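One structure below.
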Amino acid sequence: MRSSRTPNQALRLLLAEAGWSGAQLARKVNALGAERGAALHYDRTTVAHWLAGSRPRPPVPDLVAESLSRRLGRPVLLQDTGLLDTRQPGHGAGTPPGEGSAVEHLDRILRDTDRRSLALVGAYSLAALAIPSGAASSGEGGAVVSVPPASVGAAHVASARELLTVFSRSDIVFGAGSVREPLRQYLSTTLLPWLRSDMKPAVRRDLFTVAAQLTYLCAFAHFDMNRHAAAQRFYLTSLELARDAGDTIGQAVALRGLSVQAQELGHLTQADQLAEHAVQTGARHAPPHQQAFLLGQLAVTQAVLGDHRHTRHLLAAERRLEKSADGTSAVGAFHAGSLALQRAAVAKSQGEHRTAARALALSLRHRPADERRSRALGLAELAETQLASGHLEQACHTWHEFLDILPEIRSARADDRLRTLTAALRPNATNPAAATLLARARQTRPRRGPSE
């Protein structure tokens, strides 16, 4: 903490406008820290120091600004909080929202997510989800005034596509912990220089399209590791790259990713708006399995909000999937197991636990065995649903299958399910099946790697 003799009147006025005490602000900052995978333990004493003039290090000022923005229903900028200290790296150095090119934004987030500067990523922002109307475009990518001798060509695009397949496959089989840092390094050291090079318009369009897909995958990898602020920025950058390429499907996929993340974090209205925007942007242009990919997410968000149109969109997703000969793709893959999982989410939102359990079981039957992370998460969801339906021993059996897979993957979301397992079973610890499972869970250690 750095101190100043000048009391922070700006923060005091914001707290008064929000009707918050120092303790309430501290709790909200701690909660936002948890969204980005950081355990913070601030209290009213800390906020009192801020009001007296102390300035916390990044990313705490961003978390304060986002907390107040959500409370007040309007954007509160970092400089509005009185916590901005331009003497510290990262404070005030960022590109203002809406300014700069997609390539510049990618460069910045790649530098900010380097392990040495991860604190500069900032907070997950609800204001950033207000996607401007120009963000979804079916036009061609930005015009190139002149075309000097090309230094990047079709071979570079083909190479990037091959790496996309490799990274996507590794994520599916081993979880995001296995690919997050290698993928970030590839984007930073190889792809980013290519994006800045001279190239023909057709090559530029193709390269920006695959760059958007790789950036989307990097976003999902951060999402799977509970790095939500970074994941959101990667998703938004993927959206910009796809827009620059004139790739409406890529834009729709990025919007859907933002919707899934918002739903995971409990921002249900924003999740529904993003899902609808994704369908409007890309459903007409996407192949059948990706139409289902988009429609299924919209059905889930509508069901959670009690919008009865979810039934129509779920049936439409089913019809699209029936027309699909192949649901595989490096980004936006979708198959019968995926659709059944969304049917389960819809049923669970309606309180229909038995229907949800049947859909989850169907999803697992259709899920390829090598989709380990998805299988693990599906098994955990099924066990929790079985327990909610009163089937303790059945749930324990399913959880054992989950524990069979867990050591083979690196996924923070799967690790969270291990903690849920322990908390859910603790009240049943005297039951022999539950006691055996709890003992095994205590001995299970998720895989860790140097990037975590």
Heavy atoms only, probe 1.4 Å: what % of the accessible area of region 201-257 goes to carbon and sulfur, would you let me know?
-> 47 percent
Between the residues Asn431, Ala356, Leu164, the Cα farthest towards the positive end of the dipole of the chain, that dipole coming from +1 and -1 charges on the beta-carbon of Lys, Arg, Asp and Glu, is from Asn431
Using the C-alpha gyration tensor of region 284-382, what are the square roots of 5 times its eigenvalues, in whole angstrom, with the largest one first?
-> 20, 19, 10
Dipole of region 207-290, Cα-centred, from +1 at each Lys and Arg C-beta and -1 at each Asp and Glu C-beta, to the nearest 20 debye?
-> 60 debye
By the mean-Cβ-within-10 Å protection proxy, highest first, 426-435, 19-28, 221-230, 407-416 rank as 221-230, 407-416, 19-28, 426-435
Using a simple charge model, +1 on the beta-carbon of Lys and Arg, -1 on the beta-carbon of Asp and Glu, nothing else, what dipole does region 314-403 show about its Cα centre, in debye to the nearest 20?
-> 220 debye
Taking r as the C-beta separation of Glu352 and Leu84 and R0 as 51 Å, the FRET efficiency to the nearest 0.05 is 0.55
Using a simple spin-label model with points 7 Å from Cα along the Cα→Cβ vector, what separation in nm is obtained for Leu268 and Asp326?
-> 3.9 nm
Label point distance in nm, Ala423-Gln185, each placed 7 Å from Cα along Cα→Cβ | 3.5 nm
Total charge dipole magnitude, the chain, about the Cα centre, Cβ charges on Lys, Arg, Asp, Glu only, Debye to nearest 20 = 820 debye
Taking a ≥ b ≥ c as the square roots of the eigenvalues of the Cα gyration tensor of region 247-288, is the shape rounded (a/c under 1.5), prolate (a/b larger than b/c) or oblate?
-> prolate
Give me the accessible area per residue for the chain, probe 1.4 Å, as a whole number in Å².
-> 44 Å²
Quick one: accessible surface of Ser197, probe radius 1.4 Å, all protein chains present, in square angstrom to the nearest 10.
-> 40 Å²
Against the 2.2 N^0.38 Å rule of thumb, the C-alpha Rg of region 181-290 sits at a ratio of 1.07
Over region 149-244, with a single point scatterer placed on each C-alpha, what log10 of the ratio I(q)/I(0) does the Debye formula yield at q = 0.13, 0.15 1/Å?
-> -0.42, -0.55
With eigenvalues of the C-alpha gyration tensor scaled by 5 and rooted, the chain, Å | 34, 32, 21
Using a 1.4 angstrom probe on heavy atoms only, work out the carbon and sulfur share of the accessible area of region 339-443 in %.
-> 51 percent
For the chain, what is the mean residue ellipticity at 222 nm derived from helices alone (per DSSP H run of n ≥ 4: -39500 (n - 2.57); sum divided by total residues; nearest 500 deg cm²/dmol)?
-> -19500 deg cm²/dmol
Using only alpha carbon pairs under 8 Å that are at least six residues apart, calculate the relative contact order of the chain and give it in whole percent.
-> 12 percent
What net charge do the residues around Leu11 carry, taking every other residue with its C-beta under 12 Å from that of Leu11, with Lys and Arg at +1 and Asp and Glu at -1?
-> 0
Kindly report, to the nearest 10 Å², the accessible surface of Asp114 as traced by a 1.4 Å probe over protein heavy atoms only.
-> 30 Å²
Ignoring everything but the protein chains, give the 1.4 Å probe accessible area of Glu371 in square angstrom, nearest 10.
-> 30 Å²
Radius of gyration and maximum dimension Dmax of region 346-452, Cα, Å = 13.7, 42
Output the Kirkwood hydrodynamic radius of region 207-257, Cα pairs only, in Å rounded to one decimal.
-> 10.1 Å
With the label point 7 Å along the Cα-to-beta-carbon line of Ser197 and a cut-off under 16 Å to each amide N, the hits in region 160-182 are 160-163
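The values are calculated or read from the model by the stated rules, or taken from the named source; none is laboratory data. Predicted model, so just to flag it, every value in this text is computed and none were measured. As a convention, Cβ positions derive from the backbone with ideal geometry for all residues, glycine included, and neighbour counts pool all protein chains shown. Calculation scope for accessible area: heavy atoms of the full protein, side chains included, ligands and nucleic acids excluded. Shrake-Rupley method; radii C 1.70, N 1.55, O 1.52, S 1.80 Å.
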